[in-house]
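The values are calculated or read from the model by the stated rules, or taken from the named source; none is laboratory data. In this text, all values refer to a predicted model and were calculated from it rather than measured experimentally. In this analysis, Cβ positions are derived from the backbone assuming ideal geometry, glycine residues included, and neighbour counts consider all displayed protein chains. The area values use the complete protein model at the heavy-atom level, side chains included, leaving out ligands, DNA and RNA. Shrake-Rupley method; radii C 1.70, N 1.55, O 1.52, S 1.80 Å.
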Amino acid sequence: MSDYISEQARADFQRARFRAFLNQVWGTLSGRRSTLLSYDEIKEKLHVGGPIYRGLKTIRVEQIAGSLNRYHEFDSVFLPASDTLADRWQSVNRAFYQEISLPPVVLYKVGEVYFVVDGHHRVSVARQQGQIYIEAEVRECATRVNLTPDIKAEDLEILGNKVNFLERTSIDSLIPEANIKLTIPDGFDRMLEHIAVHHYFMGLDWKRDISEEEAIKHWYETVYMPIIHVIRETEILKDFPDKTEGDLYLWVLDHQHYLEQEEGQPLQPPQEAARLFLQEDVKKKRTRKPRAVKKK
């Protein structure tokens, strides 16, 4: 019986390694991430705090997508990336077939993602065997943004910029309902510029010192949200399913700046500029005739 289990464990490892090879090839061809998320990289870019012990939890295996210090040894779905892992991996796999209980794995939690501190082979075998849940000791790390297991490299850069934006403005504390999302790489830096300009002109118009908190709230209420209301009224996001309200806000401001600087048109209130720009864009997209298909 033990010989059969050992042979089965070896066969499972060989299948896992072949699948890892296919994933690596696909990652190279598609440009997608093929390795686990690095906790150190996430910690640096998202300014993660903690960790705080949360006790023993039952965790979905698919949510474990990163590692504290062994992210190069497994691919993005925890398949073994090297034959050097064979002995330990097969040992854990034999325990699975023999129904031997192993200690809980140790995980860090950041947003919706779990990073393995101890138990990489246990997670890898669990995933290979189709196990849905795994027992884990969890330590949660604080973050101001939400991290998900399917995050891409470009998304991580944007989240890092969002963290900087939140730290500079504290808008998540000043206006808890504010949840600005962007897919534009330098979008949050541009918003910081908008707030700085708004702050400057508030001081000129109101002829007094304006605090940063007051300027941020006033920008959100009188510039950002009026444009967002028009975006929602026109339902233009239906035509841009991969974009966010924040992206369209930036488009409107870019268009307004172009009209002012290049064509000399007077500056308009944010909601009026948004209405004219977005309604015209909606009209163009929805009246555009489909191309005729040539008959062969």
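Remarks
- Within the stretch 51-109, restricting attention to residues that are within 25 Å of the chain's Cα centre (by Cα) and small (Gly, Ala, Ser), the residue that is nearest to Ile5 (Cα to Cα) is Ala81.
- Qualifying residue in the stretch 95-103 (condition: touching a Gly at 6+ places or on another chain (Cβ under 9 Å), more than 21 Å from Asp40 (Cα to Cα) and exposed (fewer than 15 other Cβ atoms within 10 Å of the Cβ)): yes
- Leu259 modelled with pLDDT under 95, out of contact with any Ser or Thr (no Cβ under 8 Å at 6 or more places or on another chain) and aliphatic (A, V, I, L, M): yes
- Taking residues in the stretch 189-200 that are open to solvent by less than 70 Å² (accessible area, probe 1.4 Å), and partners anywhere that are among the aromatic types (Phe, Trp, Tyr) and modelled with pLDDT of 95 or more, the pairs with Cβ atoms closer than 7 Å and at least 6 places apart or on different chains are Met191/Phe165; Leu192/Phe165; His194/Trp219; Ile195/Trp219; His198/Trp219.
- All positions within the stretch 129-148 that are open to solvent by less than 40 Å² (accessible area, probe 1.4 Å) and either under 15 Å from Glu62 (Cβ atoms) or assigned to a loop (DSSP other than H, G, I, E, B) (or both): Ile134, Ala136, Val145, Leu147
- Counting only residues that are open to solvent by less than 50 Å² (accessible area, probe 1.4 Å), without any contact (Cβ under 8 Å) to a residue 40 or more places away in the chain and among the hydrophobic types (A, V, I, L, M, F, W, C), the stretch 233-251 holds 2 of them.
- Filter result for Ala86 (farther than 13 Å from His120 by Cβ, open to solvent by less than 70 Å² (accessible area, probe 1.4 Å) and not in a loop (DSSP other than H, G, I, E, B)): yes
- Boolean, Trp89 is touching a helix residue (DSSP H, G or I) at 6+ places or on another chain (Cβ under 6 Å) and either aromatic (Phe, Trp, Tyr) or at pLDDT 95 or above (or both): yes
- Enumeration of residues in the stretch 166-188 that are surrounded by 13 or more Cβ atoms within 10 Å (Cβ to Cβ) and closer than 18 Å to Glu212 by Cβ: Leu166, Arg168, Thr169, Ser170, Ile171, Asp172, Leu174, Ile175, Ala178, Ile180, Phe188
- Val163 being in a helix (DSSP H, G or I) and not hydroxyl-bearing (Ser, Thr, Tyr): yes
- For the stretch 63-73, the criterion of being touching a helix residue (DSSP H, G or I) at 6+ places or on another chain (Cβ under 6 Å), surrounded by 16 or more Cβ atoms within 10 Å (Cβ to Cβ), among the aromatic types (Phe, Trp, Tyr) and not in a helix (DSSP H, G or I) is satisfied by no residue at all.
- Residues of the stretch 106-128 satisfying the condition of being in a strand (DSSP E or B) and in contact (Cβ under 8 Å) with a residue 40 or more places away in the chain: Leu107, Tyr108, Lys109, Val110, Val113, Tyr114, Phe115, Val116, Val117
- Of everything listed in (1) outside any loop (DSSP other than H, G, I, E, B); (2) surrounded by 19 or more Cβ atoms within 10 Å (Cβ to Cβ), the single unmet condition for Phe78 is (1).
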